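Visitor: Handing you a structure now.
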Amino acid sequence: MLRLKSILRRAVLRPKCMRPHTPHPAIRVSWIVGVLLTPVCLAAQSTVTSQTALRSEPNAGAVAQVRSGASVSTSTTERGWSKVTLEGYVHRSVVGGRRGSYSISVHADGGAYLRSTPSRSGRVLALVADGSGLTKVSTRGEWIRVRRTGWLTASVLQPSEPTVASRKRESKKKSRCAANARGDPRGASRSSRGKSVRRHHCGC
């Protein structure tokens, strides 16, 4: 009887064998893959300090003449060139059909003004060359909000002080980007299939 009690006491007091917790390799791999696949949306606002050409590629032909004071989003800088995105409004009277991967294009002999607001009194951000492709973002009455990405010489760019509104926009953009990678939005509407009439630059 005493021997049985001794055996039971040792069994109760014997420390349990606890294996240290080791993360499963599959969990670690999936976490790393998730980080690698999460899109990085790093864009800084910059101001153009002097009129300069926006080019489709470094040292390539100009697609627009960007005015001094225009605000652009900068994503990459390499070898003296910065990749930027310019956004504004053009009047529908100077808009043509698709061009390459772009949903619309400029269709006016003298080019088209890109304005900061959907109004003829809006500040001119750039003069977009005839035939240049643009990405359609939205429509407001007779005006179309467009976007164009290209390259500017880095020396003409100065970092902008972010406003409250721009901080909110950037925060929303980063949230959307982290949730799901998104390409350039394409305009839902397409230009008519009929032959368009080339328009002269009207100062729109």
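The values are calculated or read from the model by the stated rules, or taken from the named source; none is laboratory data. Note that this is a predicted model, so its numbers are computed, not measured. Glycine also receives a Cβ, built like all others from the backbone with ideal geometry; neighbour counts cover every protein chain displayed.
Visitor: Condition first: within 24 Å of Arg140 (Cα to Cα), more than 21 Å from the chain's Cα centre (by Cα) and modelled with pLDDT of 95 or more. Can you find one or more residues in region 82-92 that meet it?
Guide: Within region 82-92 (the criterion being within 24 Å of Arg140 (Cα to Cα), more than 21 Å from the chain's Cα centre (by Cα) and modelled with pLDDT of 95 or more), the answer is yes, since at least one residue qualifies.
Visitor: Condition first: crowded, with 20+ Cβ neighbours inside 10 Å, touching a helix residue (DSSP H, G or I) at 6+ places or on another chain (Cβ under 9 Å) and over 13 Å from Thr153 (Cα atoms). Can you find one or more residues in region 77-88 that meet it?
Guide: So far as region 77-88 goes, no, none of its residues is crowded, with 20+ Cβ neighbours inside 10 Å, touching a helix residue (DSSP H, G or I) at 6+ places or on another chain (Cβ under 9 Å) and over 13 Å from Thr153 (Cα atoms).
Visitor: Can you spot a residue in region 107-115 that is surrounded by fewer than 21 Cβ atoms within 10 Å (Cβ to Cβ) and hydroxyl-bearing (Ser, Thr, Tyr)?
Guide: Just the residues of region 107-115 that are surrounded by fewer than 21 Cβ atoms within 10 Å (Cβ to Cβ), to begin with: 107, 109-111, 115.
Those left that are additionally hydroxyl-bearing (Ser, Thr, Tyr): none.
Looking through region 107-115, none of the residues is surrounded by fewer than 21 Cβ atoms within 10 Å (Cβ to Cβ) and hydroxyl-bearing (Ser, Thr, Tyr).
Visitor: So which residues in region 77-111 are within 17 Å of Ser56 (Cβ to Cβ) and small (Gly, Ala, Ser), if there are any at all?
Guide: Listed by number, the residues that qualify are Gly80, Ser82, Gly100, Ser101, Ser103, Ser105, Gly111.
Visitor: Which ranges mark the strands (runs of 3 or more DSSP E) fully within region 114-199 that have 2 or more residues being modelled with pLDDT of 95 or more?
Guide: 124-128, 133-140, 143-153
Visitor: Somewhere in region 29-48, is a residue farther than 30 Å from Ser171 by Cβ and modelled with pLDDT under 95?
Guide: Among the residues of region 29-48, at least one is farther than 30 Å from Ser171 by Cβ and modelled with pLDDT under 95, which makes the answer yes.
Visitor: Residues in region 96-105 that are within 11 Å of Ile144 (Cβ to Cβ) and either part of a strand (DSSP E or B) or without any contact (Cβ under 8 Å) to a residue 12 or more places away in the chain (or both): how many?
Guide: The initial filter retains those residues of region 96-105 that are within 11 Å of Ile144 (Cβ to Cβ), namely 103-104.
Retained after the next criterion (residues that are either part of a strand (DSSP E or B) or without any contact (Cβ under 8 Å) to a residue 12 or more places away in the chain (or both)): 104.
Count: 1.
Visitor: Which of the residues spanning region 46-72 are crowded, with 20+ Cβ neighbours inside 10 Å and either of a type in the set (Asp, Glu) or within 15 Å of Arg148 (Cβ to Cβ) (or both)? Full working, then the answer.
Guide: Of region 46-72, the ones crowded, with 20+ Cβ neighbours inside 10 Å are 46, 48, 52, 54, 63-64, 66, 70, 72.
Matches in region 46-72: Val48, Thr52, Leu54, Val63, Ala64, Val66, Ala70, Val72.
Visitor: Among the residues that make up region 76-95, is at least one of them in a helix (DSSP H, G or I) and of a type outside the set (Val, Ile, Thr)?
Guide: Looking through region 76-95, at least one residue is in a helix (DSSP H, G or I) and of a type outside the set (Val, Ile, Thr).
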